[in-house]
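Written below as structure tokens is the structure these notes are about.
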């Protein structure tokens with residue numbers, strides 16, 4: 001076996017190791033992020049990248065189509081897909097964070113945390129819209145005073161939406177003399193029977 005053949009074999013072996021390593025990483029990362037609403041686009045593109053890199057996937061494509069994708073083309077595709085996935089994550093995540101569905105989610109969902117808004121050390125830790133047995137609703141949640149100041153008055157305001165995302169009303173809850181480091185479990189009445197979602201609008205305090 002010539003020296004050139006040995007060098008070519010070493011390059012092929014190194015290429016296979018690299019393809020397997022990066023391919024498995026993208027495959028695992030893709031499945032982890034695919035089911036997170038905030039990073040789903042990145043997960044989808046990671047799975048496509050894994051298909052370009054993993055030898056079994058390339059072999060399957062070759063058997064079905066009779067075509068082989070060159071190393072240069074694979075590298076370009078991986079770079080382009082990575083850029084596309086990164087570019088899609090920010091606007092996609094922003095759209096979810098601003099949606100009423102996200103705002104009404106609770107921390108029971110491991111992928112979607114209840115939206116919080118902190119002002120002057122006041123932070124809504126979680127909230128949800130609940131509908132009672134007779135159709136009477138309320139927005140319940142928890143606000144914590146993370147400051148070392150006592151507030152004479154604190155009010156939380158919420159916009160209410162129906163299933164289509166159209167705003168159908170609003171509600172609020174307030175408390176007097178919230179102590180420094182204190183926690184407030186609030187309830188805001190919901191009189192609109194069409195309301196199924198709530199979004200935190202703001203916190204007023206003095």
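Read-outs: derived from the displayed coordinates by stated rules, not from any lab. As the structure is a computational prediction, the values presented were derived from the model and not from experiment. Here the Cβ positions follow ideal geometry from the backbone for every residue, glycine too, while neighbour counts run over all protein chains shown.
In this simple spin-label model, placing a label point 7 Å from the Cα along the Cα-to-Cβ direction at both residue 149 and residue 79 gives a separation of 5.2 nm.
Contact order normalised by length for segment 112-205, with contacts defined as Cα pairs under 8 Å and 6 or more residues apart; what percent is it? It rounds to 33 percent for segment 112-205.
Neighbour counting of Cβ atoms within 10 Å sorts the residues 142, 71, fewest neighbours leading, into 71, 142. On the principal axes of its alpha carbon atoms, segment 124-206 extends 41, 24, 17 Å, with the longest extent given first. Be a star and scan segment 176-206 for residues whose amide nitrogen sits under 16 Å from the point 7 Å along the Cα-to-Cβ vector of residue 131. Answer for segment 176-206: 190-199. The calculated FRET efficiency for residue 194 paired with residue 34, based on their beta-carbon distance and R0 = 22 Å, is about 0.10.
Rounded to 0.05, the FRET efficiency of the residue 185 and residue 164 pair, given R0 = 35 Å and the Cβ-Cβ distance, is 0.70.
For the residue pair residue 206 and residue 25, what label-to-label distance in nm results when each label sits 7 Å from Cα along the Cα-to-beta-carbon direction? With each label point 7 Å from Cα toward Cβ, the separation is 5.6 nm. Take 17-24, 169-176, 194-201 and order them by the average number of nearby Cβ atoms within 10 Å per residue, most first; the result is 194-201, 169-176, 17-24.
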